[in-house]
Amino acid sequence: MTILLTGGAGYIGSHVLLCCLEAGHAVVVLDDFSNGSPEALTRVQGLADGQVTTWHGDIRDAALLERIFARHPIEAVLHFAGLKAVGESVANPLAYYDVNVGGSVTLARAMAAAGVFRLVFSSTAAVYGDQAQMPLTETSALGQPSSPYGCSKLMVEQVLADLCAADPRWSVGVLRYFNPAGAHPSGRIGEDPRGVPANLIPYAMQVAVGRRPELAVFGNDYPTPDGTGMRDYIHVMDLALGHLAAMEHLADHTGHHIWNLGTGRGHSVLEVIRGMERVINRPLPWKLAPRRPGDTAQCWADPARAATDLGWRATRGLDEMLADHWRWQAQNPEGYQS
Ligand code: NAD
Ligand code: UFG
């Protein structure tokens, strides 16, 4: 079948694109390349056969969306396009509400006009806010996300729930990602942050490759076993396969569905550093720094619902994630510009 993949040139989208092609789907990619690279699309097509049509444009462009739906027999949409930098969203909230919320509304409107009602949306564990009880289930109370970015994702979840309540033709899967990391094992595609990486693993990788002198560990006085923050890191290939499973499930399940995509295991910052050191086979320079505002002590998933409904579970652990991420980083020290 033909799938529209918004944001397909980005980190997660490019891995999902590869999995879609391997599953025999034709894919239409819509991306404005504001944070993705045409080179990622070229490389995916070097890894898998199949039909990819690329549209360079903005998800907020209603006329463009209308043309895309008129031109291609799209049956499902996987919606990744959006802005994702937590700090930037605090400085520039309007951009985040405009692209993430406004863009999703424009997309949903274009889908309905074209008679396409199957949508998978990239949400985040940030919608749970700061919680004391782990693991997080889909029925855990929603918290106050600590940034406009997290709020924008929660708003889109609500928009999509309202849409499903109003019109029974919709099948929507909201995927709450925990902490994506890793890369395709070929080392050909991976995460290519612009500017200073905001996240632990991409930052640590750039230290390892010599682009930055040392990693700052944000706080060691959290109520966790070693005092550093704990997260549920999930391999991007596991995440990608979760999208295919959700898309298939939605073919015969209407309504609004939420699935956590995580491993169910938390790892501390110090565990990640030790894992990195095993992979690069030398010490990783790091220093202790104050807590980062807005960070929570711990965050990991109960992934049982996805296992029951979708037959999906993450199979790759932290060491494999770090080894695959490192292969990408070492082969492409400057990302797609290398
Ligand atoms: P990414 O920035 O690598 O990919 C997003 C893609 O969307 C980029 O290729 C970018 O060029 C494109 N894009 C941005 N604005 C656009 C617009 N207005 N019109 C068309 N294209 C646009 O991000 P990612 O890590 O691949 O994340 C994909 C999705 O998953 C995002 O919605 C993100 O919020 C969500 N998510 C990511 C993480 C994470 O840690 N990576 C965690 C939770 C949720
Ligand atoms: N950390 C450091 N040093 C760094 C970066 C991070 O010590 O340079 C620590 C953080 O304090 C935290 C852990 O590493 O304890 C993970 O931080 P990340 O920035 O990698 O990930 P977050 O959990 O803060 O955020 C990620 C995504 C968000 C998403 C959130 C959902 O970046 O988009 O997961 O939980 F909203």
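The values are calculated or read from the model by the stated rules, or taken from the named source; none is laboratory data. Given the structure is predicted, the values throughout are model-derived calculations rather than measurements. Virtual Cβ from ideal backbone geometry, glycine too; neighbours counted across all protein chains shown. These area figures cover heavy atoms from the full protein model, side chains too; ligands, DNA and RNA do not enter into them. Shrake-Rupley method; radii C 1.70, N 1.55, O 1.52, S 1.80 Å.
For the reader, a short list of remarks on this structure follows.
- Residue check for residue 193: open to solvent by less than 40 Å² (accessible area, probe 1.4 Å) and either out of contact with any helix residue (DSSP H, G or I) (no Cβ under 8 Å at 6 or more places or on another chain) or in a loop (DSSP other than H, G, I, E, B) (or both): yes
- Screening the candidates 148, 185, 180 for the property of being without any contact (Cβ under 8 Å) to a residue 60 or more places away in the chain and within 20 Å of the chain's Cα centre (by Cα) yields one hit, 148.
- Complete set of residues in the range 307-332 that are closer than 18 Å to residue 268 by Cα and small (Gly, Ala, Ser): 317, 323
- Residue tally, condition over 16 Å from residue 84 (Cα atoms) and free of Cβ contacts under 8 Å to residues at least 40 places away in the same chain, over the range 130-145: 8
- Search result, residues across the range 215-255 that are near ligand 2 (Cβ under 10 Å from one of its atoms) and either modelled with pLDDT under 95 or more than 24 Å from the chain's Cα centre (by Cα) (or both): 219, 220, 222, 224
- When 12, 59, 3 are checked against the criterion of being closer than 20 Å to residue 246 by Cβ, in a loop (DSSP other than H, G, I, E, B) and not polar (S, T, N, Q), a single residue qualifies: 59.
- Of all residues in the range 140-172, those that are more than 10 Å from ligand 2 (Cβ to nearest atom), out of contact with any Leu (no Cβ under 6 Å at 6 or more places or on another chain) and either within 25 Å of residue 11 (Cβ to Cβ) or at pLDDT below 95 (or both) total 14.
- Test for residue 301: is it within 16 Å of ligand 2 (Cβ to nearest atom), of a type in the set (Gly, Ala, Ser), under 18 Å from residue 181 (Cα atoms) and touching a strand residue (DSSP E or B) at 6+ places or on another chain (Cβ under 7 Å): yes
- Against the list (1) touching a residue at least 60 places away in the same chain (Cβ under 8 Å); (2) more than 13 Å from ligand 2 (Cβ to nearest atom); (3) of a type outside the set (Val, Ile, Thr); (4) crowded, with 18+ Cβ neighbours inside 10 Å, the condition residue 265 fails is (1).
- For the range 204-262, the candidate set comprises residues that are assigned to a helix (DSSP H, G or I) and open to solvent by 50 Å² or more (accessible area, probe 1.4 Å); within that set, the residue that is farthest from residue 185 (Cα to Cα) is 248.
- Residue list for the range 105-134, restricted to those being of a type in the set (S, T, N, Q), crowded, with 17+ Cβ neighbours inside 10 Å and within 16 Å of ligand 2 (Cβ to nearest atom): 122, 123, 124, 131
- Filter result for residue 144 (in a loop (DSSP other than H, G, I, E, B), over 24 Å from residue 251 (Cβ atoms) and either open to solvent by less than 50 Å² (accessible area, probe 1.4 Å) or β-branched (Val, Ile, Thr) (or both)): no
- From the options 37, 89, 14, residue that is open to solvent by 10 Å² or more (accessible area, probe 1.4 Å), touching a residue at least 24 places away in the same chain (Cβ under 8 Å) and touching a helix residue (DSSP H, G or I) at 6+ places or on another chain (Cβ under 6 Å): 37
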